[in-house]
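Worksheet for the structure shown next.
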Amino acid sequence: MKLLITGGGGFVGARLARTLLARQQLDGQTITRMVLTDIAPPPADLMADARVEARTGPLLAQTDALRTEQFDGVFHLASAVS
C-alpha cells in the first residue's frame with residue numbers, strides 16, 4: 001500500500017505518519033511506501049524509515065507530478081495557517 005500525506009512534515013501529519021508506520025498496516029494492507037509532502041522537510045526520524053519519501057515545497061507546485069502517481073490512500077492535512 002502506498003500512502004500520501006499532505007502536510008506530512010507538520011505536527012499532525014508527522015504524528016499520523018509515525019502511527020501508521022508503527023502499525024505497519026492500514027485496512028488490512030501492509031504499508032510499503034509513504035510519501036510526505038510539506039513546505040518543510042519531515043522530521044529526521046521519519047526520513048530514517050526506508051518506506052518514507054519526502055517531497056518538500058509548495059503543494060501547488062507538486063500537484064502535476066503527484067497526479068501521475070498511484071496512491072492507495074491520501075490524508076490531506078496541508079493548510080495555510082496565517
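Within region 1-30, the set of residues being aliphatic (A, V, I, L, M) and exposed (fewer than 11 other Cβ atoms within 10 Å of the Cβ) comprises A22 only. Tallying residues that are surrounded by fewer than 15 Cβ atoms within 10 Å (Cβ to Cβ) and either among the hydroxyl-bearing types (S, T, Y) or modelled with pLDDT of 95 or more (or both) within region 34-45 yields 2. A single member of T19, T37 is under 16 Å from T6 (Cα atoms), among the hydroxyl-bearing types (S, T, Y) and touching a residue at least 24 places away in the same chain (Cβ under 8 Å), and it is T37.
The chain holds helices (runs of 4 or more DSSP H) entirely within its bounds, and those carrying 1 or more residues that are among the polar types (S, T, N, Q) map to 11-23, 59-67. Those residues that are surrounded by 10 or more Cβ atoms within 10 Å (Cβ to Cβ) and out of contact with any Gly (no Cβ under 7 Å at 6 or more places or on another chain), I need them from region 70-82; list them, please. Those that are surrounded by 10 or more Cβ atoms within 10 Å (Cβ to Cβ) and out of contact with any Gly (no Cβ under 7 Å at 6 or more places or on another chain): F71, D72, G73, V74, F75, H76.
Across region 48-64, the number of residues qualifying as at pLDDT below 95, open to solvent by 60 Å² or more (accessible area, probe 1.4 Å) and among the small types (G, A, S) comes to 1.
The values are calculated or read from the model by the stated rules, or taken from the named source; none is laboratory data. As the structure is a prediction and not an experimental result, all values here were calculated from the model. So basically every Cβ, Gly included, is an ideal-geometry build from the backbone, and we count neighbours across all protein chains shown. Protein only, heavy atoms only, side chains kept; ligands, DNA and RNA dropped before computing areas. Shrake-Rupley method; radii C 1.70, N 1.55, O 1.52, S 1.80 Å.
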